[in-house]
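The next block holds one structure in the form of structure tokens; read it before the comments.
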Amino acid sequence: MPWREVSIMESREEFCELALKEGANMSALCRRFEISRTTGYEWRDRYLQTGRPGLADRSRRPRESPWKTSAEIEDEVITLRHQHPAWGGRKLQAVLLRKGVVSPSASTITAILRRHELLSPQESWRQTPTRFEAPFPNDLWQMDYKGHFPLTSAARCHPLTVLDDHARFALGIRALSNQRETTVKAELIQLFERYGLPNRILCDNGSPWGTSTHGIFTGLAVWLLHLDVIMTHGRPLHPQTQGKEERFHRTLKDEVITTRSFHSLDHAQTAFDVFRHTYNHLRPHEALALLPPITRYAPSLRSYPMQLPLIEYPDTAVVRNVTSRGVIKFEGREYYLGEAFSGYPVGLFPSEDDGTKKVFFRHYPVATIDVRTPVEV
């Protein structure tokens, strides 16, 4: 499904937020959003002058004036709560302050919600803090499928989500019909074309990602290595490794999936697009000092290449092509690397142990073979 399903206003606002980042490359950004530089600068200047309303196709009613009475503020709190039923006092207060409103305290807002019977007993749970954080945007993305759910058409929706670890920026939420490797690759290409390449992508040990055990590589992992993107895996039976994705999935479930039913993938995608914009640009994030993720995100400087880089090895390497069965031949013996490497050349280098060879795919070590004891294939 094309990215143009996202509303024009939301796409323009995201462009402007990214264009205003320090050191932003306007030429690359305009190319990724498929607009001219003239249009890009025009949107940026209008956004600087009047904010989101300036991005409309003229003319849009100006924002409301700051509230003058507590009754008006209380009405706004109630309105915001109805718009975002899962947001509590601190998030609602942060939104009001960003709009320039003299907001009551978070506890007062909570009291307003309670007085209007807008709080449920389940909202008192506490979130376990996430200790690890990537040092900068696009150093690490987290990717996973949110558990699939039924549509009223009897089909099922498999939501694929990708999250920037540093900024908590939701790069993509896609309503898909399956969890196949080819489907994931197609979605990642769209993300790479829009936001550039990350250094690493963290996944769990399920299909179609592969596994951290036994050195098993999937076609998806090898394709990413060809792009200089490393796929890493959480420890088996330790979902907390992807704590940010797990928490994001819970928010997606609470605010979208369990609140309504969907008759088609397109219907679900429309809801996901609205939620993604709200999550990235409006929703205060507890781990970001109640700022939205867009305040910490910037696109990658590594653009998605038109062609995959050439695979070359130094003269010191013994180069072997991987067969369709996933094996290489060396000194009359066969060694299994995996079908994911089929058709690719790999380089063999001496290791510290005279009886073994290090196998590299490009500049990444992918296996060690014992030339004294070949693997049965």
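The values are calculated or read from the model by the stated rules, or taken from the named source; none is laboratory data. These numbers were taken from a predicted model, which means no experiment stands behind them. Counting neighbours? That spans all protein chains shown, and the Cβs are built from the backbone with ideal geometry, glycine included.
Yes/no per residue for (1) modelled with pLDDT under 80; (2) in the same structural domain as residue 288 (by TED's automatic domain parsing); (3) among the charged types (D, E, K, R):
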site	(1), (2), (3)
62	yes, no, no
81	no, no, yes
86	yes, no, no
91	no, no, yes
103	yes, no, no
111	yes, no, no
114	yes, no, yes
132	yes, no, no
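Out of all the residues in segment 317-335, which are part of a strand (DSSP E or B) and surrounded by fewer than 17 Cβ atoms within 10 Å (Cβ to Cβ)? Before you say what the answer is, go through the steps one by one.
Initial filter on segment 317-335 (part of a strand (DSSP E or B)): 318-321, 327-330, 333-335.
Scanning segment 317-335 gives 318, 319, 321, 329, 330, 333, 334.
Scan segment 321-343 and tell me whether some residue there is of a type in the set (S, T, N, Q), modelled with pLDDT under 90 and not assigned by TED's automatic domain parsing to the domain that holds residue 223. If you could, list the steps in order and put the result at the bottom.
Step one: of segment 321-343, the residues of a type in the set (S, T, N, Q) are 321, 323-324, 342.
When the remaining residues are screened for being modelled with pLDDT under 90, the result is none.
The answer is no; no qualifying residue exists.
Which members of segment 167-195 meet the condition of being in contact with a Phe, Trp or Tyr (Cβ under 7 Å, 6 or more places away or on another chain) and either of a type in the set (Phe, Trp, Tyr) or under 23 Å from residue 21 (Cβ atoms) (or both)?
The answer is 167, 169, 170, 171, 173, 190, 192, 193, 194.
Those residues that are in a helix (DSSP H, G or I) and either under 12 Å from residue 248 (Cα atoms) or acidic (Asp, Glu) (or both), I need them from segment 156-191; list them, please. It would help to see each step written out before you state the result.
At the first step, the residues of segment 156-191 found to be in a helix (DSSP H, G or I) are 181-191.
181, 187, listed by residue number.
Of all residues in segment 288-303, count the ones that are among the aliphatic types (A, V, I, L, M) and either under 16 Å from the mean Cα position of the chain (by Cα) or within 9 Å of residue 168 (Cα to Cα) (or both). Full working, then the answer.
Pass one, segment 288-303, residues among the aliphatic types (A, V, I, L, M): 288-291, 294, 298, 301.
If we keep only those that are either under 16 Å from the mean Cα position of the chain (by Cα) or within 9 Å of residue 168 (Cα to Cα) (or both) as well, we get 288, 294, 298.
Looking only at that region, the number is 3.
What is the number of the single condition among (1) at pLDDT 85 or above; (2) buried (at least 18 other Cβ atoms within 10 Å of the Cβ) that residue 31 does not meet?
Tallying (1) at pLDDT 85 or above; (2) buried (at least 18 other Cβ atoms within 10 Å of the Cβ), residue 31 fails exactly one: (2).
Do the conditions hold for residue 216, that is, is it in the same structural domain as residue 260 (by TED's automatic domain parsing), assigned to a strand (DSSP E or B) and either hydrophobic (A, V, I, L, M, F, W, C) or closer than 18 Å to residue 245 by Cβ (or both)? Can you show your working first?
Numbers: in the same structural domain as residue 260 (by TED's automatic domain parsing): yes; assigned to a strand (DSSP E or B): no; either hydrophobic (A, V, I, L, M, F, W, C) or closer than 18 Å to residue 245 by Cβ (or both): yes.
The answer is no for residue 216.
Only one residue in 155, 221, 268 is touching a helix residue (DSSP H, G or I) at 6+ places or on another chain (Cβ under 9 Å), modelled with pLDDT of 95 or more and not polar (S, T, N, Q), so which one is that? Please lay out each step first, then the result.
Values: 155 fails: modelled with pLDDT of 95 or more; 221 fails: modelled with pLDDT of 95 or more.
268 is the lone residue from the list that is touching a helix residue (DSSP H, G or I) at 6+ places or on another chain (Cβ under 9 Å), modelled with pLDDT of 95 or more and not polar (S, T, N, Q).
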